[in-house]
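Peer 1: Can you keep this structure in mind? I'll have questions shortly.
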Amino acid sequence: MTAAIVLSAQTTALGIVRALGVMGVPVVVVHYDWRDIAQHSRYVVEKVSATHPEVDEEAFVATILKLSDRWKDAVLFPASDETLLIAARHKDLLNRHFQVACPDYALVLQVIDKRKTCLLAAAAGVPVPQTLLPTSVAELKEFGCMIGFPCLLKPAQSHLFFGHFRRKMFIADNQGTLLDAYLQACDAGLDMMVQEIIPGSDQEVVNYNSYSHSGTPLVEFMADHVRNAPLHYGSPRVACSSNLPGLIAPGRQLMRALGFSGFTCVEFKRDPRDGRFKLMEINGRHNLSTLLAVRCGINFPWLEYKHLAYGTIPEPHAYESGIYWIDMTRDIAYSLRNAFSERYAPASYLRPYLSPKVWAIFDYADPKPFRQRIRSLAGYMACNSGMCKHFKPRMVKQIGHEGPVLR
C-alpha cells in the first residue's frame, strides 16, 4: 500500500495519522517541535526529526526528499500552516517524488494571508467582518475610529504571529492599546489588519469542512464550536458535529471563488445582529478536530489519500450530528482557570463528557501521544515555575512574511 508522510506532529497531525493508520496506511511523521506528539502513535512506521521549517527551509525540504528512496510516491500531508506554505512553495520539486496534498502556491497564499482571504470573500459575495488594512500609524488611528472600540488587531498570517506572541490576535480597547499592539507587530515584521468584533459567544462559531475538486465541494461536514481556548478568540477545545443548512451557500461560494481542490476547513461566526454567517478564516489543510468527522462517518484524510494515490473520486457522505470532540487537557485546564469568567453552567461543562464523543489525543488503543502530551505539559509547567533548570522547550523565532501590503 502507498505510504503517507505527515509534516508536523501536533494535534492536527495526530488526527491525520490515526485517520490513515486505522485504514492500514503506512504513516511516516516528520516532527520538529518540542510539543510534538504524533510521532509516538502506534500507527507510525517511521519518525523523522527535522530542523524547524521556519529556521532552515532548505534543510527541511532536503529531509523530506531523503525519504523518497524508501517512500517513493507517498502522499505528502502538510499538517500546519508553515508546512503547508513550504509544501506549496516547493510543490513542483516534491511532486517528482511524492503526491503532495495541497494546492499550488498562489492559491495557498490566498488562504494563508488573511488580507487576501477577506478581499476574495468580499468579491465573492461572502459576508466578512468590517476589515481595514493599515499601512501607517496615521491610517491605524483613522481605522480604529472608523471601526470603533473594542476591535481586533489580527495578523495577515496567523502562524507567524503566533510564533512571536503565542496568541492569535490582539484585542484593543482604545487608541492607546491599538497603537501599542500595532507597534509590537511592526517590530516583529508582521502585517496586520484592524477588524470589528462580531458579538456573541463561542457557540456562534462554526466550521464548514469540505473536500473539493476544481471549486466544487464533493463531501461536506459541519461542526459547532462549544468552547474555545482562549475564550472568544481561540481555537476549539470542544466542538460538536452539526447540520447547518445556512452554512452551505457561503461555504460553496468560497470554494467556487478559490477554485479549490483538496480539503479545507472554513471558520465562520454567526452574527446575532443580522443572523448571517461571516467569514473568520480558511484553513487550506486538515484541521484541529479532524477526528470528529472521522468519528461521525467522514474520514477526510482517507478520502484525500485515495484520491491522490489511486484516483478514487470522493462521493457525498452522510454523517452523524451531535457527536463531541474534546481536547481534554486544554479543556480541563481552561475550565478550571476561567470557570468564573466564562460563566458556563456546570451542566454545560459536563455534557460533552457524558455524551457520544471522540478525544483529540487520548485513546486507549494508542496511548503514547497522550502520555507525551502530559510529560510535555508537566515539564513546561515546572520550567515556568522555576522548578526545572533542564527542560528548555525550543521556542522558534519566526522569520519573514509573504506577499505585499494590500490596501
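Peer 1: For the stretch 109-125, name all the residues that are touching a strand residue (DSSP E or B) at 6+ places or on another chain (Cβ under 9 Å) and either among the small types (Gly, Ala, Ser) or modelled with pLDDT of 95 or more (or both).
Peer 2: Result: ALA121, ALA122.
Peer 1: Check the stretch 40-53 and report whether any residue there is at pLDDT below 95 and either among the basic types (Lys, Arg) or within 18 Å of ASP363 (Cα to Cα) (or both).
Peer 2: no
Peer 1: Output the number of the condition that VAL219 fails; it satisfies all remaining conditions of (1) surrounded by fewer than 18 Cβ atoms within 10 Å (Cβ to Cβ); (2) within 30 Å of THR312 (Cβ to Cβ).
Peer 2: If we test VAL219 against (1) surrounded by fewer than 18 Cβ atoms within 10 Å (Cβ to Cβ); (2) within 30 Å of THR312 (Cβ to Cβ), just (1) comes out false.
Peer 1: Let me ask something else about it. Tell me, which residue of the stretch 224-264 that is of a type in the set (Ser, Thr, Tyr) and within 17 Å of ALA318 (Cα to Cα) is farthest from the chain's Cα centre (by Cα)?
Peer 2: Filtering the stretch 224-264 for residues of a type in the set (Ser, Thr, Tyr) gives 233, 235, 241-242, 261, 264.
Filter once more, so that each one left must be within 17 Å of ALA318 (Cα to Cα): 241-242.
On the way: SER241: 17, SER242: 19 Å.
For the stretch 224-264, the residue satisfying everything is SER242.
Peer 1: Still on this structure, I have one more. Pull up the stretch 137-150, narrow it to residues that are surrounded by fewer than 14 Cβ atoms within 10 Å (Cβ to Cβ) and in contact with a Leu (Cβ under 8 Å, 6 or more places away or on another chain), then point me to the one that is farthest from GLY189 (Cα to Cα).
Peer 2: Filtering first and then ranking leaves MET146.
Peer 1: Within the set of pairs 6 or more residues apart or between chains, which connect a residue that is in a loop (DSSP other than H, G, I, E, B) and buried (at least 17 other Cβ atoms within 10 Å of the Cβ) inside the stretch 151-168 to a residue that is hydroxyl-bearing (Ser, Thr, Tyr) and modelled with pLDDT of 90 or more with Cβ atoms less than 8 Å apart?
Peer 2: Final answer for the pair search is LYS168/SER235.
Peer 1: In addition: Of all the residues that make up the stretch 1-42, how many are outside any strand (DSSP E or B) and under 22 Å from the mean Cα position of the chain (by Cα)?
Peer 2: 24
Peer 1: Of all residues in the stretch 199-213, which are modelled with pLDDT under 95 and either crowded, with 19+ Cβ neighbours inside 10 Å or on the phi > 0 side of the Ramachandran plot (or both)?
Peer 2: Listed by number, the residues that qualify are GLY200, ASP202.
Peer 1: Looking at (1) of a type in the set (Asp, Glu); (2) more than 29 Å from LYS114 (Cβ to Cβ); (3) in contact with a helix residue (DSSP H, G or I) (Cβ under 8 Å, 6 or more places away or on another chain), which is the one condition that is false for GLU54?
Peer 2: (2)
Peer 1: Determine whether the stretch 304-314 contains at least one residue that is over 26 Å from ILE5 (Cβ atoms) and either among the aliphatic types (A, V, I, L, M) or in the same structural domain as TRP71 (by TED's automatic domain parsing) (or both).
Peer 2: Just the residues of the stretch 304-314 that are over 26 Å from ILE5 (Cβ atoms), to begin with: none.
No, the stretch 304-314 has no match at all.
Peer 1: Related question: Any residue in the stretch 323-335 that is closer than 11 Å to ASN228 by Cα and in contact (Cβ under 8 Å) with a residue 60 or more places away in the chain sitting within a Cβ distance under 7 Å of a residue that is part of a helix (DSSP H, G or I) and of a type in the set (Val, Ile, Thr)? List the pairs, counting only those 6 or more apart or interchain.
Peer 2: Listed by first residue and then by second, the contacts come to ASP327/THR11.
Peer 1: Among the residues of the stretch 179-200, which ones are of a type outside the set (D, E, K, R) and over 16 Å from LEU152 (Cα atoms)?
Peer 2: Step one: list which residues in the stretch 179-200 are of a type outside the set (D, E, K, R), which gives 179, 181-186, 188-190, 192-195, 197-200.
If the condition is that a residue be of a type outside the set (D, E, K, R) and over 16 Å from LEU152 (Cα atoms), then ALA188, GLY189 are the ones that fit.
Peer 1: Could you look through the stretch 22-45, keep only residues that are closer than 24 Å to ASN95 by Cβ and out of contact with any helix residue (DSSP H, G or I) (no Cβ under 8 Å at 6 or more places or on another chain), and pick out the one that is surrounded by the fewest Cβ atoms within 10 Å (Cβ to Cβ)?
Peer 2: VAL45
Peer 1: Out of the stretch 169-181, which residues are in contact (Cβ under 8 Å) with a residue 24 or more places away in the chain and in contact with a strand residue (DSSP E or B) (Cβ under 8 Å, 6 or more places away or on another chain)?
Peer 2: MET169, ILE171, ALA172, LEU178, ALA181
Peer 1: Report yes if some residue within the stretch 118-136 is part of a helix (DSSP H, G or I), surrounded by 21 or more Cβ atoms within 10 Å (Cβ to Cβ) and without any contact (Cβ under 8 Å) to a residue 60 or more places away in the chain; otherwise report no. Talk me through it step by step, then tell me what you get.
Peer 2: Filtering the stretch 118-136 for residues part of a helix (DSSP H, G or I) gives 118-123.
From what's left, surrounded by 21 or more Cβ atoms within 10 Å (Cβ to Cβ): 118, 121.
Those left that are additionally without any contact (Cβ under 8 Å) to a residue 60 or more places away in the chain: none.
Checking the stretch 118-136: not a single residue is part of a helix (DSSP H, G or I), surrounded by 21 or more Cβ atoms within 10 Å (Cβ to Cβ) and without any contact (Cβ under 8 Å) to a residue 60 or more places away in the chain.
Peer 1: Ok, one more. Which residues, counting only those in the stretch 195-212, are part of a strand (DSSP E or B) and not β-branched (Val, Ile, Thr)? Reasoning before the result, please.
Peer 2: Going residue by residue through the stretch 195-212, those that are part of a strand (DSSP E or B) are 195-196, 205-212.
If the condition is that a residue be part of a strand (DSSP E or B) and not β-branched (Val, Ile, Thr), then GLN195, GLU196, ASN207, TYR208, ASN209, SER210, TYR211, SER212 are the ones that fit.
The values are calculated or read from the model by the stated rules, or taken from the named source; none is laboratory data. Just so it is clear, the model here is predicted, and its values are computed rather than measured. With ideal geometry, Cβ positions are generated from the backbone for all residues, glycine too; neighbour counts draw on all protein chains shown.
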